[in-house]
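The values are calculated or read from the model by the stated rules, or taken from the named source; none is laboratory data. Every value quoted in this text rests on a predicted model; they were computed, and no experiment measured them. Here the Cβ positions follow ideal geometry from the backbone for every residue, glycine too, while neighbour counts run over all protein chains shown.
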Amino acid sequence: MKITQDALVEFTYTITDDDNNVIEQVDLPVNYIHGHDSGMHEKIEKAMENRRAGDLVKVSLDPDEGFGPRDPALIFEDDIANVPEEVRRIGAVAEFHNDRGDTRTFRVTRIEEGRITMDGNHPLAGKAITFTLKILQVRPATKAELSGQAPTGQAAVPVDNKPPTLN
């Protein structure tokens, strides 16, 4: 069966950067219903159109299509004493809220001489990435699945959802 409107598609995927370094590999099948608001990036869903089980699909996204450009305003430095102990290590994450109730996740990227640097950009912001998807199964979605009941397995990773802006 070809991937068309209302088809349930099950796949695995790998994300690589421009140097072909693996950023993420998902071997547990994920799925979506083709042609529905599934959170699947539009360019990826379009590339899946008319493909079949067993096909490999490669889709490259430039930074603007993927996770956006890096925003220097989302990088800040502070005294390490101002952050909780559990956040005082490289790679640690912390959520911050603004006055409007928006939440953004920041990663610790540097600790040096009593100062800590945190970055609120998505780790893939500013990077071109390539998705390689292995289509495992294509079948008609059931009436229950079309009415919004989740199919078995994981939902597709939302690639086009960017974190809220805190400005």
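Within region 97-108, the set of residues being surrounded by fewer than 16 Cβ atoms within 10 Å (Cβ to Cβ), free of Cβ contacts under 8 Å to residues at least 60 places away in the same chain and in contact with a strand residue (DSSP E or B) (Cβ under 9 Å, 6 or more places away or on another chain) comprises H97, T105.
As a summary of the residue check, I90 satisfies the conditions (1) within 20 Å of T130 (Cα to Cα); (2) outside the structural domain of K134 (by TED's automatic domain parsing) except for the one numbered (1).
Looking only at region 1-39, residues that are farther than 16 Å from P140 by Cα, of a type outside the set (V, I, T), touching a residue at least 60 places away in the same chain (Cβ under 8 Å) and assigned to a strand (DSSP E or B) come to 4 in all.
Going through region 5-23 one residue at a time, which ones are in contact with a Phe, Trp or Tyr (Cβ under 8 Å, 6 or more places away or on another chain) and under 18 Å from L61 (Cα atoms)? If the condition is that a residue be in contact with a Phe, Trp or Tyr (Cβ under 8 Å, 6 or more places away or on another chain) and under 18 Å from L61 (Cα atoms), then Y13, T14, I15 are the ones that fit. For region 40-59, a tally of residues being exposed (fewer than 14 other Cβ atoms within 10 Å of the Cβ) and touching a residue at least 24 places away in the same chain (Cβ under 8 Å) returns 6.
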